[in-house]
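> Could you have a look at this structure, given as structure tokens, before my questions?
The values are calculated or read from the model by the stated rules, or taken from the named source; none is laboratory data. Computed from a predicted model, the values in this text were never measured in an experiment. Every residue, glycine as well, gets a Cβ built from its backbone with ideal geometry; the counts of neighbours run over all protein chains shown. Protein only, heavy atoms only, side chains kept; ligands, DNA and RNA dropped before computing areas. Shrake-Rupley method; radii C 1.70, N 1.55, O 1.52, S 1.80 Å.
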Amino acid sequence: MLSENLNRDLFKGIYGDLMEFSDRISSIVGGPVTIEDGNHRLLAYSMHDDTTDQARISTIIGRRVPEKVVNSLWKAGIIPTLLENNAPIKVDAIENVGLGNRAAVSIRKNNEVLGFIWALEGKKPFTDEDLAFLQLAAKEAKNQLQQLQLKTKHREAGTQEFLWRLLTGHYQKESEIKEHLKRFSIHLPAVCAIGVFEFPEEINGSIERNISYMLTVTQKINILLTTIDHNKLIVLAGSESDEELTISFKTFIPTFISEMKNRFEVSTIIGASGNSLNSLLDGRHSYGEALYTLKIKSIFPETEQIITYDGLGVFQSLEAIDSGHPRRREHHTLTKLARYDQKHQSDLLHTLKVYLEKDCSQNDAARHLHIHVNTLNYRLKRITEVGEVNLKDIIQKTALFLDLKLREYREYQSKS
């Protein structure tokens, strides 16, 4: 093995050429090498002969590590180890994702991971000297990756300003939007929509890096632009059809929330998306729908699984009813039941609420209330008498359900 000084000399004169850098690493360790950024996007790769595997081929073709490979490396504890330590490690093959034996090391600046070097095992296993050389190579790569990171941050600042202009309705012409997208080399799909994630606390630098990692790794949705607003992550995503985009959001949002919890221990995130758009001039509408969906999910536990604005159904109407009729009187049945409950220490109003929420299923309502069906029937009879309402009339039941939800909505509004 060469001395450390001679090893350092191997990298002289190639600053800014990561492809040549990876070739020189490969010539020492005896196997193909790839260099990735901290989000597993491919930066450079060495030449290789027949000694390669499917994971490396897919990475080179897609310009990033396939999501199934990243997930397997997380499950095997490889990526957590690389994130926590600067020492090179050996990685055993994971055959079901086409990953052969490897060695890997993180490229770091202090505690921040800038990227990774991966070396595929050649004709012989890696020695301790090979691993020591990989660690030296990671130190030599640090400055190059820092420069790339600065360029990326400068570009992201420009795209974030552009996205905020969309969200606030700044643009008046479609041509202005297309001109800006061209500057950022962003292809505009047929339809787009805004998704918003609400975090329990303000998003700090550490969580922002984890978010960036997750958004880059995921291949479940086509993310075009992102920005952060205090405790909210806002994404603009696109697809070639409304149906495809809706399915993508319904898959992506719960997966993102689950993985942020499992990988980075960030819990109680909620997410939602607005309706799809054929023109980005209407971006603020999709953004408003996503925010409104989040608000409804915060108020009503039964809407927890809803992802899209369209999925809200009748809950879409609450804001319009409330703002359109600020002095609108509450349904007389609810007022009478509330007075009766207060006077007789009964629970008729809550019983009605559960009964309607359970789609008027007596068995489901009784089970939820922890009472016998006969007791429920007695209460329903009292509700019809005291509240002067016909619970077999769909029009009356719909009006009651809306007013009950409007009551909860107004209580939330007054508290917040």
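> Mind sorting out which of [x] 94, 53, 35; [y] 74, 53, 34; [z] 67, 49, 34 is the real Cα extents along the principal axes in Å computed from the coordinates?
[x]
> With r defined as the distance between the Cβ atoms of His350 and Glu112 and R0 fixed at 56 Å, what FRET efficiency is calculated, to the nearest 0.05?
That gives a FRET efficiency of 0.60.
> Here is a further query. Summing -39500 (n - 2.57) over the DSSP H runs of n ≥ 4 in the chain and dividing by its residue number, what mean residue ellipticity at 222 nm do you reach, to the nearest 500 deg cm²/dmol?
Here the helix-only value at 222 nm equals -17000 deg cm²/dmol.
> Moving on to the next point. Report the per residue volume, in Å³, of the convex hull enclosing the C-alpha atoms of segment 243-383.
170 Å³
> Can you flag which of Lys75/Lys297; Lys153/Lys220; Lys90/Lys250 are past 26 Å Cα-Cα?
Lys75/Lys297; Lys90/Lys250
> How much length is gained if the chain between Asn374 and Lys178 is pulled fully straight, taking 0.36 nm per residue apart and subtracting their Cα-Cα distance, in nm to one decimal?
Result for the pair: 64.1 nm of gain on full extension.
> Could you compute Rg(Cα) / (2.2 N^0.38 Å) for segment 41-103, with N its residue count?
1.11
> Based on the alpha carbon coordinates of segment 48-176, what radius of gyration and maximum Cα-Cα distance (Dmax) apply, in Å?
18.9, 63
> Can you give the charge dipole size of the chain about its Cα centre, rounded to the nearest 20 debye, using +1 on the beta carbon of Lys and Arg and -1 on the beta carbon of Asp and Glu?
It comes to approximately 1100 debye.
> Sort largest first and round to whole Å: the equivalent ellipsoid semi-axes of segment 109-265, each the square root of five times a Cα gyration tensor eigenvalue.
Taking √(5λ) for each eigenvalue gives 34, 19, 17 Å, largest first.
> Follow-up question, since we're still on this one. As a test question: what accessible area, to the nearest 10 Å², does Glu304 have when a 1.4 Å probe is rolled over all protein chains in place?
Only protein atoms counted, so the area is about 120 Å².
> Another question, then. Output the Kirkwood hydrodynamic radius of segment 73-129, Cα pairs only, in Å rounded to one decimal.
12.0 Å
> Using alpha-carbon positions, what is the distance between the centroids of segment 362-398 and segment 101-115, in Å?
Going from one Cα centre to the other spans 63 Å.
> List the equivalent ellipsoid semi-axes of segment 216-259 in whole Å, largest first, each obtained as the square root of 5λ for an eigenvalue λ of the Cα gyration tensor.
18, 13, 9
> Classify segment 205-280 from the C-alpha gyration tensor, please: rounded if a/c falls under 1.5, else prolate or oblate depending on whether a/b exceeds b/c.
Prolate.
> How would you order 230-242, 27-39 from highest to lowest mean count of nearby Cβ atoms within 10 Å?
In decreasing order of mean packing, 230-242, 27-39 become 27-39, 230-242.
> When the chain is fully extended, how far beyond the present Cα-Cα distance does Ile61 get from Glu304, taking 0.36 nm per residue of separation?
Result: 83.6 nm gained on full extension.
> Cut-off under 26 Å on the C-alpha distance; same-chain residues fewer than 8 positions from Lys336 excluded. Which lysines are left, in chain and number order?
Straight-distance partners of Lys336: Lys353, Lys358, Lys381, Lys392, Lys397, Lys405, Lys415.
> Assuming a ≥ b ≥ c are the square roots of the Cα gyration tensor eigenvalues, decide whether segment 99-149 counts as rounded (a/c under 1.5), prolate (otherwise, with a/b larger than b/c) or oblate.
Since a/c reaches 1.5 and a/b is larger than b/c, the shape of segment 99-149 is classed as prolate.
> So between Asp322 and Arg41, what do we pick up on full extension, going 0.36 nm a residue minus the alpha carbon distance?
Extra length from Asp322 to Arg41 when fully extended: 96.4 nm.
> On to the next question. Kindly rank 140-149, 282-291 from highest to lowest mean number of other beta carbons found within 10 Å of each residue.
282-291, 140-149
> Another question, if that's okay. Could you provide, to the nearest whole Å², the per residue accessible area of the chain with probe 1.4 Å?
I get 52 Å² per residue for the chain.
> Now, a different point. Using the beta-carbon distance between Glu411 and Lys381 and R0 = 30 Å, what value does 1/(1 + (r/R0)^6) give for FRET efficiency, to the nearest 0.05?
Working from the Cβ atoms, E equals 0.60.
> With no solvent and one equal point scatterer placed on each C-alpha of segment 100-192, evaluate the Debye formula and give log10 I(q)/I(0) for q = 0.14, 0.17, 0.24, 0.26 Å⁻¹, two decimals.
Here log10 of I(q) over I(0) equals -0.70, -0.81, -1.17, -1.28.
> Using just the Cα positions, wrap segment 305-388 in a convex hull and report its mean projected area in square nanometres, one decimal place.
Over all viewing directions, segment 305-388 projects a mean Cα-hull area of 7.0 nm².
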